[in-house]
Structure formats: C-alpha cells, structure tokens
Amino acid sequence: MPMPPRLRKTALTAHVTTSLGWLGAVAAFLALAIAGLTTTDPDRAHALYLAADLITWTIIVPLALASFATGIIQSLGTSWGLLRHYWVLAKLILTIPATAVLLVHTQPIAVLATSHDALATDLHGLRIQLIADAVAAIIVLLAATVLAVFKPRGMTCYGQRRAQPAAASSR
Ligand code: HEM
C-alpha cells in the first residue's frame, strides 16, 4: 500500500541514514581490524579487538537490522514493490546474506576480544578473516548504494504481470 508523501520521505530518511551508517560503521571496523593485524603490542591488539566487538554489537548489528527492516518498508510502502524491479530484488538478495554472514561472524570477533593473547599464531587466520569480511561487506553495501541511486531499468516477470492490469485500467 503506497505511503503518503510525508511518511514516505520520513521512511526514506530512516532507510538512507541506517544503510549508509552501516557502511560507515563497517569502514571503522575495517580500520580497527587492520590495526589489529599490523600491531605487535598485545595490549593494543586486545584494546582494538574489544573496540571492534563493541562497535559490532552496539552499531553495526542494529544498523544492519534497521537498514533491512526500513528497506522492506520502503519497498512495500511504495510502487517499487519488493519483487517487481530487478534493482530492488538485487538489493534484497545482496542484503540477506550480508546480514546473515555478519551475525555468524560476530563469533570470531568475540573470540579475539576475549582472548588474553590476540596475537597468538593460532589466531592469525581469524585476524585476517575479519579484514576480508569487512572488505566484502563494504563491496556489497557499495553495490546496494549504486543500485539504489541509479535504479537500473528492468522489471521481473511478477512486476510485469502486476503492471499490466494497472496500465489497462488507466486506459
Ligand atoms: C532489504 C534490503 C533493501 C531493500 C529491499 C531496499 C529497498 C529500497 C527501495 C525500494 C528504495 C526506494 C525508496 C523510494 O524511492 O522511496 C531504496 C532507497 C535507497 N536505498 Fe535501499 N533497500 C535495501 C537495502 C539497502 C542497503 C543495504 C543500502 C546501502 C548500504 C541501501 C541504500 C539506499 C539508498 C541510498 C536509497 C535512496 C536512493 C534514492 O532515493 O535515490 N538500501 N531502497
């Protein structure tokens, strides 16, 4: 059901700020993860991974869930629909695994944050994995932003079927 214009703008503001806030918070996480990999000081590494764990739970996870929820509202509350246009569908397909992977990967972050020696050799792979995850998340979120701004043309079969009766009734 289409939202009235003022409500649509309010919902869009919530969607854009939570989505791009998510992107910015992941960039901050990446900086901490790179600093954690390059430091040779165990105390500094411990502090960096504690900060990474904190921003994951207090900023990244809430913003990811809010971006997802507001994206669904923005789709269902406008004529874009959730499954009518390829660009909206692509954003949905990109965002679901990104959110799922984020939730699964909170575990390795917690392991590093609670470890007494985050620089231990057996945790080296985990420290690299945090960087790879953050880079992958940034690429996915940038792709979602490009799709949202350019809105490439192209309707799904479902979208075309839904558009036909509307076009016929307007003639
Ligand atoms: C479940 C996932 C998502 C869905 C279904 C979705 C859906 C939508 C829809 C339908 C609009 C158009 C709203 C309107 O015109 O009123 C929109 C706008 C937008 N979305 Fe998303 N979105 C999702 C996730 C994201 C993510 C992850 C990002 C970026 C990190 C993002 C960034 C944006 C931006 C920047 C706009 C504003 C574009 C403009 O007005 O020109 N979205 N989204």
Worksheet item: within 10 Å of the ligand (Cβ to nearest atom) and either over 21 Å from the mean Cα position of the chain (by Cα) or assigned to a helix (DSSP H, G or I) (or both), is that true of Ala25?
Response: no
Discussion item. Are there helices (runs of 4 or more DSSP H) fully within region 32-126 with at least 3 residues that are surrounded by 14 or more Cβ atoms within 10 Å (Cβ to Cβ), within 9 Å of the ligand (Cβ to nearest atom) and in contact (Cβ under 8 Å) with a residue 12 or more places away in the chain? List them.
Written reply: 61-76, 86-104
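Give me the residue from region 127-154 that is under 29 Å from Ser79 (Cβ atoms) and in contact with a Phe, Trp or Tyr (Cβ under 7 Å, 6 or more places away or on another chain) and, out of that set, nearest to the ligand (Cβ to nearest atom). Working first, answer last.
Looking only at region 127-154, we keep the residues that are under 29 Å from Ser79 (Cβ atoms), and these are 140-154.
Restricting the remaining residues to those that are in contact with a Phe, Trp or Tyr (Cβ under 7 Å, 6 or more places away or on another chain) gives 141, 147, 151-152, 154.
On the way: Leu141: 4, Leu147: 8, Lys151: 7, Pro152: 12, Gly154: 14 Å.
By that ranking, first place goes to Leu141.
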Worksheet item: Going by the conditions given, is Thr99 of a type in the set (Val, Ile, Thr) and either farther than 22 Å from Met1 by Cα or touching a Cys at 6+ places or on another chain (Cβ under 6 Å) (or both)?
Response: yes
Item to complete: Would you be able to say whether some residue in region 138-154 is within 20 Å of the chain's Cα centre (by Cα), surrounded by 16 or more Cβ atoms within 10 Å (Cβ to Cβ), assigned to a helix (DSSP H, G or I) and small (Gly, Ala, Ser)?
Response: yes
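The numbers here are math on the coordinates, done by the rules we state, and not lab data. What you see is a predicted model, and the numbers here were worked out from it, not measured in a lab. Positions of Cβ are generated from backbone atoms using ideal geometry, with glycine treated the same way; all protein chains shown enter the neighbour counts.
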